[in-house]
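*Asks:* I am attaching a structure below and will ask some questions about it afterwards.
The values are calculated or read from the model by the stated rules, or taken from the named source; none is laboratory data. None of the values given here were measured: they were computed from a predicted structure. Heads up, the Cβs are rebuilt from the backbone with ideal geometry, glycines too, and the neighbour counts pull from every protein chain shown. Protein only, heavy atoms only, side chains kept; ligands, DNA and RNA dropped before computing areas. Shrake-Rupley method; radii C 1.70, N 1.55, O 1.52, S 1.80 Å.
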Amino acid sequence: MSENIASGLSINALDRITRHFDERYIQPGKLPGAVTLVARHGKVVWTQAQGSMDIERSRPMQRDTLFRIYSMTKPVTSIAMMQLYEQGKFLLNDPVHKYIPSWHNLRVYKSGGYPDFETGPATKAMTIRDLMTHTSGLTYGFTERTEVDAAYRKLKLDGSSILTLEKLVERLAELPLEFSPGTAWNYSVSTDVLGYLVEVLSGKPLDEYFEDHIFQPLGMTDTGFHVKPEQQHRFAACYLYQPGDTMKLQDDPERSKYLKHPRFLSGGGGLVSTIDDYHKFAQALCQGGEYQGQRIIGRKTLEFMRRNHLPDNKDLPALSIGGFSETPYQGSGFGLGFSVKTDVASSHTVGSEGEFGWGGLASTSFFIDPEEDLVVIFMTQLMPSSSYPIRQELRALVYGSMT
């Protein structure tokens, strides 16, 4: 068995990842292709690109392929917010209306449909911590569960060509919350609102703030809110799951909206990146906030973010009211910007307590295991991320390589 002594990982066992995804997903036409990266003790131990980045044009997947990372944008925005926290710009228990005055009297849904809602008063004001933990009472239109998310769809609040961050917070002020802040967990546009707050607190547009304080220090030259002309040949196609385990083209990389700079800078889901760029960010989080001499967040701040911040230390199954998440609910809590594994046995997957990470709508994902000094990143382009249990399978394959 070939082993990498320094990393404590078997390369032969890691090679099973390639075979698994090829035989189970790529050859049968369930996934276009994938790039996987495994790093331990600060070094990339294994990485593999397989399949196609663009089936229609027969372009093979490459290590430097650009992906729509959707909600893997959220940890970036959360780190940006906590950088501002470290500068004393806000406190986590500050009410959101301190920075968005129109949110002073947010109401909670009782009955009715848009625009004729019956509402009641919230039991407490929404705080910034509620936004960071998705306990704000906000929602997503695509969850298609309630009259409130139907209003989000009608007003195109999950993102549209005419939306801006200012318009988003303006319209949200007029809509009821799903529940009183702090009483439940629901995946939502909360992190887009945090993106707006980064702009308010820093005085910079979100893209500029990311560039100056995260991307440039870490050398993330391939990450941003749009694909530049010189990157276009590396941009993957995105596919949509079809019943019967097939897929169809969802976003053509040569006609994509990502080729233009967007008006709506989505802190919740707007970035494109490569596996090596995202590894720099994830590696910094694994190493207490610092990568190759560049610190993006303080060690104690990051330790704080990695704790379970759900009320009374509850887990997601105890608090979640929606059916959608980028992590399985069992055995997980939620920190300030990512899920946190609180109970390995009840999670039904191998791992360590304290492991944290998140995923994106097009099936990208990452997780960091501080106990094992391990970073794992997986990139593909298939929507929705709930199509196949690839994240759990990947976890089993990676941990199975430990010697």
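*Asks:* Does ASP222 qualify as being open to solvent by less than 60 Å² (accessible area, probe 1.4 Å), in contact with a strand residue (DSSP E or B) (Cβ under 7 Å, 6 or more places away or on another chain), acidic (Asp, Glu) and at pLDDT 95 or above?
*Replies:* yes
*Asks:* Could you say which residue among ASP15, ASP54 is among the acidic types (Asp, Glu), within 17 Å of ALA362 (Cα to Cα) and at pLDDT 95 or above?
*Replies:* Criteria check complete, one pass: ASP54.
*Asks:* Take the conditions in contact (Cβ under 8 Å) with a residue 24 or more places away in the chain, over 24 Å from ALA49 (Cα atoms) and not polar (S, T, N, Q) and apply them to ASP373. Does it pass?
*Replies:* The answer is no for ASP373.
*Asks:* What do you reckon, is ASP276 surrounded by fewer than 22 Cβ atoms within 10 Å (Cβ to Cβ), touching a strand residue (DSSP E or B) at 6+ places or on another chain (Cβ under 9 Å) and either of a type in the set (Val, Ile, Thr) or in a helix (DSSP H, G or I) (or both)?
*Replies:* In short, yes.
*Asks:* Could you go through region 30-52 and let me know if any residue there is farther than 22 Å from PRO389 by Cβ, touching a strand residue (DSSP E or B) at 6+ places or on another chain (Cβ under 9 Å) and not in a strand (DSSP E or B).
*Replies:* Yes, some residue in region 30-52 is farther than 22 Å from PRO389 by Cβ, touching a strand residue (DSSP E or B) at 6+ places or on another chain (Cβ under 9 Å) and not in a strand (DSSP E or B).
*Asks:* Quick one: GLU144 ticks every box in (1) at pLDDT 95 or above; (2) within 22 Å of the chain's Cα centre (by Cα); (3) within 24 Å of TYR329 (Cα to Cα) except a single one, so which number is it?
*Replies:* GLU144 satisfies every listed condition except (1).
*Asks:* Another question, if that's okay. Restricting attention to region 107-137, report how many residues are farther than 30 Å from TRP358 by Cβ and of a type in the set (S, T, N, Q).
*Replies:* Selection size over region 107-137: 2.
*Asks:* For region 125-173, name all the residues that are small (Gly, Ala, Ser) and either in contact with a strand residue (DSSP E or B) (Cβ under 7 Å, 6 or more places away or on another chain) or open to solvent by 10 Å² or more (accessible area, probe 1.4 Å) (or both).
*Replies:* Matches in region 125-173: ALA125, GLY137, ALA150, GLY159, SER160, SER161, ALA173.
*Asks:* While we're looking at this one, here's another question. Which one is nearest to MET61 (Cα to Cα) among residues in region 1-11 that are open to solvent by 10 Å² or more (accessible area, probe 1.4 Å) and touching a strand residue (DSSP E or B) at 6+ places or on another chain (Cβ under 8 Å)?
*Replies:* ILE11
*Asks:* Turning to a different aspect of this structure: From the list ASP94, ASP54, which one is open to solvent by less than 30 Å² (accessible area, probe 1.4 Å) and either closer than 26 Å to LEU172 by Cβ or touching a His at 6+ places or on another chain (Cβ under 8 Å) (or both)?
*Replies:* On inspection, the qualifying residue turns out to be ASP94.
*Asks:* Taking the stated definitions as given, is ARG24 open to solvent by 10 Å² or more (accessible area, probe 1.4 Å) and within 28 Å of TYR187 (Cβ to Cβ)?
*Replies:* Yes.
*Asks:* Still on this model: Quickly run through region 57-73 and pick out the residues that are aromatic (Phe, Trp, Tyr) and open to solvent by less than 10 Å² (accessible area, probe 1.4 Å).
*Replies:* Across region 57-73, the qualifying residue is only PHE67.
*Asks:* Next up: Out of the residues in region 97-122 meeting the condition of being outside any strand (DSSP E or B) and open to solvent by less than 80 Å² (accessible area, probe 1.4 Å), tell me which one is farthest from GLY195 (Cα to Cα).
*Replies:* ALA122
*Asks:* Let me ask another. Would you be able to tell me the number of residues in region 320-341 that are under 22 Å from MET81 (Cβ atoms) and assigned to a loop (DSSP other than H, G, I, E, B)?
*Replies:* Final tally of qualifying residues: 7.
*Asks:* Now a separate question. I'm trying to understand the selection: among the residues of region 155-175, which are at pLDDT 95 or above and among the basic types (Lys, Arg)?
*Replies:* LYS167, ARG171
*Asks:* Right, next: Within region 342-393, count every residue that is part of a strand (DSSP E or B), aliphatic (A, V, I, L, M) and open to solvent by less than 10 Å² (accessible area, probe 1.4 Å).
*Replies:* Number of matching residues: 7.
*Asks:* Okay, moving on. Report yes if ARG395 is under 20 Å from the mean Cα position of the chain (by Cα) and farther than 21 Å from GLY269 by Cα, otherwise no.
*Replies:* Yes, satisfied.
*Asks:* Here is a further query. Please give the number of the condition THR301 fails out of (1) hydroxyl-bearing (Ser, Thr, Tyr); (2) assigned to a loop (DSSP other than H, G, I, E, B); (3) under 22 Å from GLY42 (Cα atoms).
*Replies:* The number of the failed condition is (2).
*Asks:* Same structure, new question: Kindly evaluate GLY270 against the criterion of being in contact with a helix residue (DSSP H, G or I) (Cβ under 9 Å, 6 or more places away or on another chain), buried (at least 23 other Cβ atoms within 10 Å of the Cβ) and within 26 Å of LEU138 (Cβ to Cβ).
*Replies:* Answer is yes for this residue.
*Asks:* Could you please let me know if VAL200 is under 17 Å from THR164 (Cα atoms), in contact (Cβ under 8 Å) with a residue 60 or more places away in the chain and surrounded by 24 or more Cβ atoms within 10 Å (Cβ to Cβ)?
*Replies:* no
*Asks:* Can you find a residue that is within 20 Å of MET379 (Cβ to Cβ) and part of a strand (DSSP E or B) anywhere in region 255-268?
*Replies:* Checked against the condition, which is being within 20 Å of MET379 (Cβ to Cβ) and part of a strand (DSSP E or B), region 255-268 yields no hits at all.
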